[in-house]
Structures are given as C-alpha cells and as structure tokens.
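The next block holds one structure in the form of structure tokens; read it before the comments.
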Amino acid sequence: MDRITLRRPDDFHVHLRDGPAMASVLADTARRFARAIVMPNLKPPLRTTAQALHYRDRILGELPEDAEFEPLMTLYLTDDTPPEEISRAKLSGRVHGVKLYPAGATTHSDAGVTRISRCFHTLEKMEEVGLPLLVHGESTDPAIDVFDREQAFIEETLGPTLERFPRLKVVLEHITTRDAVQFVEVTGANVAATITAHHLLMNRNALFMGGIRPHHYCLPVLKREEHREALVEAATSGNPKFFLGTDSAPHARAAKEAGCGCAGIYTAHGAIELYAIAFEEAHALDQLEGFASVHGARFYNLPPNRGSITLVREDWTVPETLAFGGEALVPLRAGETIPWKLA
Ligand code: DOR
Ligand code: ZN
C-alpha cells in the first residue's frame, strides 16, 4: 500500500501552549487534524469556562488563513471547581471535557486534585450532564515505583471513582500499560482511552539508548516492551474504546536537556505519519481510520468530520530542531527519516 486516504482525523489530547510558543506549533496540528481536545494545563491553568473560551479565541486568532480546525476546549479540575462551573461549561457547547491532574503528577499539575473525594459534587454534576472526565492516570504516592503508578492509580482511585459514579464518562488518557488496556476493555462503554504514537513506537529502552535521552521522557513514562505490545494490540483491534490522542507536549530544548528535564514529547510535526508507522508494523493500516477518525468522535458525541487526508509513501527527514517561540524544540525522530508523508 503506497497511499492511505482517511476521513480527516481528530487529536483527542494535545498541548498547544500559549503565546509565541503556540504560534510556532499550532499549524502542525491544524494541518493534520480537523479538531483537537486542547489541554488546560497552562500557567495559570484554565479553571473556568470564561478562561477556556478566551484561550479558544487566542488559538483561533493564530490559525493560518486557510486552516479548517476546531479547538475543543477543556477545564482544569481543582479541589474546588464548583458544580456550577460544570453547568456553565456544558452550556457553552465549546467545553468538551474536564481534566483531572492528580496534584504533582506532571507538568503544571500543582493546582490539580489532592484528593478525589474533594471533587465528588463536581463529578456528580459531570455525570449528570454527560461531560467527560479526562484523566491523567498516575498515582502521586512517592513510595510507588514510577513504572507502577498507572496501575496504582487505576486500583486506588479510578476503579473506586467509577463504582461511585458508574455512568461518568471517562477517558483514561495516554495509557501505557497492559493493565490500563484490560481495565478499559472490561469497564462499560462510558470508559475509553487515548493512546499516543510515542507509546506505540517506543518502550522504556528508548530512554537509555547509549546514554540518557531526555527527548524520550514523558509522563506517564515509557514502559516495558510487553506493555507497548498490549497498546499496539488495543489500538489496532478495532475496539471503539481506543482512539488517537497524541499528547504532543512541546518544551524548549533547554528545558528538556537539563539537570531536571521536563516531561513531554513533541509529535505534532508528524503525528498521523507516526501512527501510520506503528499501524503498518502491526499489519493493521486498515484499522487506522477507525482509531484516528471515527472512535473518538463517537465517544465525544461529535459528528464525523467531512473531507479526507492522504498519506503517501515517501521519505522525508525530520528537522533537527523546530522553532518554539523565541527558542527551539527537538521533535520526535529529529534528523531521522519518516516513510509516510502528508500529501
Ligand atoms: O509528558 C507529559 N507532558 N505528560 C503530561 O502529562 C504533561 C505534558 C506537558 O504538559 O508537558
Ligand atoms: Zn498531556
């Protein structure tokens, strides 16, 4: 197969940042995706519908003239997000999810949730109005091994939360383990998961290839090969509970190549192309359209996109760096060849 044509896909998890940084990265996402669920972990985070709508305006203001791209906004859940804010978000028609960052779990999560029980009234409202909870699923208990934090979160927090709110729509974001795959498979149709391209393409060895590789560091951190295989199986299975979310998370080069480097991998420059590589390796290119363009929209009750994109089998070289505001970022596969190109 030398050409793949897909219904225009959506990215159900992306970090677009703000200001000049956003201006640098936005076009990469808008060229490939018709819509994207935009993360609210700005500094300060987007806690209210009004803040999310202003951010939406800034995104629209930076779009290239000819772009047809719709940002789908999210709120940042805190210990004291009032249920009324959920009603406002739902009424706006522009807020499509509420992001749960356990406090301290990852980049800009310090204002996140310290104890899920503090949010029960808010979750109750979300369950009532059908606004999905988008979950960064990692335990923040420092005693738990970093490679076990997703599994611990599922057991200790997510499972009990769903028992309490059995109809709450939940997207377990950027899953990284077989445990997460199995959890999503056996729970109801109200629970789904996004999978990144980098977690389909790399296992944790990629962090230490001949030396420490900060540009392969993200959260949740890459896992063992057996987990990567489980993710590939899930993504290519045709199961509508699994869909595309890049978690493309740009950071300036200096912030990653540092004594304490930031978590996040930039993939928006080649997002759908990177997924095509993973699906082709699994002999499942025929499953890419469902994963990238159908399942997520259905979960979020969005109409299917019109139009299509085409990928052609043609080598291109990823630049060593890309502009990022006044700085530079190092994209995934910098300096390497990608065998699929957006037509
Ligand atoms: O690797 C990550 N980067 N994981 C996250 O959860 C946050 C993200 C970011 O915002 O940089
Ligand atoms: Zn993310």
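For the chain, DSSP calls about 35 percent of its internal beta bridges antiparallel. Please work out the C-alpha center-to-center distance from the range 161-214 to the range 20-99 and express it in whole Å. If you average the Cα positions of each part, the centres end up 22 Å apart. Here the accessible area is traced with a 1.4 Å probe on the protein chains. For the range 68-117, carbon and sulfur cover 47 percent of it. Short to long, the 10 Å bins of the Cα pair-distance histogram for the range 1-43 hold 26, 47, 19, 8, 1 percent of all pairs. In the chain, helices alone account for a calculated mean residue ellipticity at 222 nm of -8500 deg cm²/dmol, with every DSSP H run of four or more residues adding -39,500 (n - 2.57).
Placing a pseudo-label 7 Å from each Cα along the Cα-to-Cβ vector at Asp2 and Glu327 gives an inter-label distance of 4.3 nm. In a reduced charge model with +1 at each Lys and Arg Cβ and -1 at each Asp and Glu Cβ, the chain shows a dipole moment near 600 debye about its Cα centre. Surface composition of the range 201-343: carbon plus sulfur atoms contribute 49% of the solvent-accessible area (1.4 Å probe, protein chains only, all chains present).
The residues of the range 9-306 have, on average, 39 Å² of accessible surface per residue, using a 1.4 Å probe with all protein chains present. For Lys90, the aspartates and glutamates whose Cα comes closer than 14 Å to its Cα, not counting residues fewer than 8 places off in the same chain, are Glu124, Glu127, Glu128.
Of the residues Glu150, Glu281, Glu127, the one that moves most in a GNM of the chain with alpha-carbon contacts below 10 Å is Glu281. When the alpha carbon gyration tensor of the range 9-306 is reduced to an equivalent ellipsoid, its three semi-axes come out at 25, 23, 21 angstrom, largest first. Averaging the sequence gap over all C-alpha pairs within less than 8 Å and six or more residues apart, then dividing by the number of residues, gives the range 9-306 a relative contact order of 18 percent.
The values are calculated or read from the model by the stated rules, or taken from the named source; none is laboratory data. What you see is a predicted model; the values in this text were computed from it and never measured. Heads up, the Cβs are rebuilt from the backbone with ideal geometry, glycines too, and the neighbour counts pull from every protein chain shown. For accessibility, only protein heavy atoms count, side chains too; no ligands or nucleic acids. Shrake-Rupley method; radii C 1.70, N 1.55, O 1.52, S 1.80 Å.
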